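Shown next, in structure tokens, is the structure this report addresses.
The values are calculated or read from the model by the stated rules, or taken from the named source; none is laboratory data. Nothing here was measured: the structure is a model prediction, and the numbers come from that model. Counting neighbours? That spans all protein chains shown, and the Cβs are built from the backbone with ideal geometry, glycine included. Protein only, heavy atoms only, side chains kept; ligands, DNA and RNA dropped before computing areas. Shrake-Rupley method; radii C 1.70, N 1.55, O 1.52, S 1.80 Å.
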Amino acid sequence: MNRTLPVSQFIKHIQHVINLKTVSDNNYSNGRSIANSILNKPGLALTGYFKDFNSSSLQLLASTEISFINDQYEAKNTRDMKKICDFDIPAFIIQGRKKIDQRFIDDCALKKIPVFRTTKPFQKVYGEITSYLEDFFAPSTQVHGTLVDVYGTGLLIMGRSSIGKSEIALDLVERGHRLVADDVVTIQKKDENVLVGKSGGEYTPFMEIRGLGILNLKEIFGTRAIRVQKRVELVIQLEDWKKEIEYERLGLEDDSIKILDVELPRVKLPIFPGKNITVIAETIALNHHLKVYGYNAAAEFNKLLMKKMKRKEKLNKYLDKDYE
Amino acid sequence: MITENVQIINSLGLHARPAARLVKITSGYDCDVFITKDDMEVNAKSIMGVMMLAAEQDSVITVKCSGPDENECLKDIKELINNKFYEE
């Protein structure tokens, strides 16, 4: 599904950030929407060249465009330039203090295209708008799981319904960690390798524990018990213990899971009554820290072991024919 | 109960990965499996124990299996060791 961003919503969010003022908007922005995250500088489109023109993107007019538009009106040569208004353009944003010909604004109004202006520096405007648009249009998905911040590591606990995800999260929160989302986690891809999760319905502090009903962790444990969003770094997959399944014994091989095409390390954890998953979850988070810093316990252990065997081998060879 | 001496022939010896493969096999059997080397006896279903032996190339370990499926288990262990733990 392709999301679109209503212009009015965009303006509401961005206006205080870059001090956006309305130049002409007679309710034009209602019903208009932005289709993608590109902030387009029309450039050649103003000359009447429309090949690959991103007409459904927000259009940014900076000093070059303004000068060109003004010159065209001055020279009464606006036939090609005005064609741009025939497209379904969401809105024009004028950047800078340079005056734009009123006739251009009138021509836009004729086609009901809203025009806004900001006097903030170009880089700032470009950066703020792009980052807002990219954020809005970032790919996102929902997963069934529980996201907890454990020692600063975003731990996504997954597994079948009623396997005990919420109980583990509750246990972790009780031990000082912070809940991000329970049951439905909305995950957004913020960058090529960065996933950020938050509560699906923005109900962060609420969770259901079977037998107790709905709880509000913020009220019970205080504001330290929750956090609004967190980067997802690690997945713990809870599984019912099965005798015939082989579980990881060494930790030399890394398992992983792909969410929105981002590969996350995954630990498959068989559970059974009486097993303290909370401490294991904390340990997994800390061990992940170590791995990030370049330390792998299994690899270190193996290195030691091989060194020891090499030493013994040499000693045995030396002593082999030593009969004195 | 059956006992047999087996020589480790792979060049890196019984390090982490071979130990994991060995434990995977022994864990699949119901019989008790113990390995002895240089007066050290360990349970062959425990990975830390098996690695603790630090059985280098050319060293000889004693495998002891006891239980209903001891014959099959010992056969599998020997096959793994003699195939250099499928490492080389």
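When the P(r) of the range A:5-137 is calculated, the portion above 21 Å amounts to 34% of the C-alpha pairs.
Reducing the range A:84-142 and the range A:160-178 to their Cα centroids gives an inter-centroid distance of 45 Å. Per residue of B:21-30, other chain Cβ atoms within 10 Å of the residue Cβ number 1 on average.
Note on chain A: with a GNM built from Cα contacts shorter than 10 Å, the maximum mean-square fluctuation among A:D135, A:D183, A:D52 falls on A:D52.
Of the whole protein surface, A:R32 contributes about 40 Å² of accessible area at a 1.4 Å probe radius. Once the C-beta distance of A:K124 and A:E174 is scaled by a Förster radius of 41 Å, the resulting FRET efficiency is 0.40 to the nearest 0.05.
Diffusion of the protein assembly as shown by Stokes-Einstein, at 20 °C in a medium of 1.002 mPa s and with Rh set to the Kirkwood radius over alpha-carbon pairs, works out to 79 µm²/s. Per-residue shielding of B:44-55, expressed as the average number of other chain Cβ atoms within 10 Å of the residue Cβ, stands at 2.
Shielding value for B:10-16 is 5, the average number of Cβ atoms from other chains within 10 Å of each residue's Cβ.
Rolling a 1.4 Å probe over the protein heavy atoms leaves A:V267 with an accessible area of roughly 50 Å².
Charge dipole of chain B (Cα centre as origin; +1 on each Lys and Arg Cβ, -1 on each Asp and Glu Cβ, all else neutral): 240 debye, rounded to the nearest 20.
Annotation note: GluC sites (Glu not before Pro) in the range B:1-87 located in DSSP loop regions with a Cβ neighbour count of at most 13 within 10 Å are B:E87. The antiparallel fraction among DSSP beta bridges confined to the range A:140-292 stands at about 75%.
Rounded to the nearest 0.05, the FRET efficiency derived from the C-beta distance between A:I220 and A:K12 at R0 = 41 Å is 0.75. If only the Cβ of Lys and Arg carry +1 and only the Cβ of Asp and Glu carry -1, the dipole of the protein assembly as shown around its Cα centre is close to 2060 debye. Label-to-label distance, A:T47 versus A:R210, with points set 7 angstrom from Cα along the beta-carbon direction: 6.9 nm. The calculated FRET efficiency for A:L304 paired with B:K24, based on their beta-carbon distance and R0 = 25 Å, is about 0.70.
An ellipsoid equivalent to the range A:140-292, defined through the eigenvalues of its Cα gyration tensor, has semi-axes of 22, 19, 14 Å when rounded to whole angstrom and sorted largest first. Note on the protein assembly as shown: with neighbouring protein chains present and a 1.4 Å probe, carbon and sulfur make up 50 percent of its accessible heavy-atom surface. Relative intensity of chain B on a log10 scale, I(q)/I(0) at q = 0.11, 0.12, 0.20 Å⁻¹, equals -0.23, -0.28, -0.83, per a Debye sum over C-alpha point scatterers of equal strength in the absence of solvent. If you sort A:F136, A:F221 by accessible surface, 1.4 Å probe, largest first, the order is A:F221, A:F136.
Spacing of the modelled spin labels on A:F68 and B:D39, each 7 Å from Cα toward Cβ, amounts to 8.9 nm. Mind checking the range A:120-203 for GluC sites (Glu not before Pro) that DSSP puts in a loop (not H, G, I, E or B) and that have at most 15 other Cβ atoms within 10 Å? Passing both the DSSP loop test and the Cβ count: A:E192, A:E202.
The residue list A:Q95, A:L305, A:P205 was ranked by how far each Cα lies along the charge dipole of the protein assembly as shown toward its positive end, using unit charges on Cβ atoms, and A:Q95 comes out on top. For the pair B and A, the buried accessible area comes to roughly 1600 Å² in total, with a 1.4 Å probe and the value rounded to the nearest 100. Say the cut-off is 29 Å between C-alpha atoms; which of A:K275/B:K45; A:K275/A:K307; A:K112/A:K189; A:K307/B:K64; A:K190/A:K242 go over it? Those over the limit are A:K275/A:K307; A:K112/A:K189; A:K190/A:K242. Under 17 Å from a label point set 7 Å out along the Cα-to-Cβ vector of B:E88, the amide N atoms of the range A:288-324 belong to A:306-307, A:309-314, A:317.
Solvent exposure of A:Y49, expressed as accessible area, is near 120 Å², computed with a probe of 1.4 Å over the protein chains only. Computed from point charges on the beta carbon alone (+1 for Lys and Arg, -1 for Asp and Glu), the dipole magnitude for the range A:140-292 about its Cα centre is near 260 Debye.
Here's the picture: charge each Lys and Arg Cβ at +1 and each Asp and Glu Cβ at -1 in the range A:140-292, and of A:V180, A:L217, A:L260 the one pushed furthest to the positive end of that dipole is A:L217. Checked against a 18 Å cut-off, the cross-linked pairs A:K12/A:K218; A:K312/B:K37; A:K51/A:K76; B:K24/B:K84; A:K41/A:K98 give Cα-Cα distances beyond that limit for A:K12/A:K218; A:K51/A:K76.
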